[in-house]
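Data block below; observations after.
Read the figures in this text as sums done on the coordinates, not as results from a lab. Since we're looking at a predicted model, the values are computed, not measured. Positions of Cβ are backbone-derived with ideal geometry, glycine not excepted, and every protein chain shown enters the neighbour counts.
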Amino acid sequence: MAKTLTGVVTSDAADKTITVTVTSRETHPIYKKQYTVTRKYAAHDEKNDARKGDTVRIVETRPISRRKSFQLDEIVKRSVGSVELKSDVNSEVNDKVDYDHDTEEEK
């Protein structure tokens, strides 16, 4: 049975490769305290479908390269929205001026 993991895409910069961060909770064997473990996996994405921030399921497969032993199974949830820089937003919206932070030249 192949191992299946669910995580969040943290990078999609490489061609046909995504980096998936899988977060899990583990219990210490002696102290019985729970802690968070974060692992990163490189997964093969044949069609370049997944984008940064998407929640995906990856499945174990034969080694595709030195680092890649997982393949994209399905995109569970797409990421919503994107982050814009303050300077880009202010340049698009002329009627809204941030008087606390904008300098005289920008007004």
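So here's what we get for this one:
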| read-out | value |
| --- | --- |
| Local net charge near residue 21, Cβ-Cβ under 10 Å (Lys/Arg +1, Asp/Glu -1) | +2 |
| Sequence-distant residues sharing a close amide H with residue 73 (under 5 Å, placed H) | 57, 58, 59 |
| Å³ per residue enclosed by the Cα convex hull of region 1-62 | 99 Å³ |
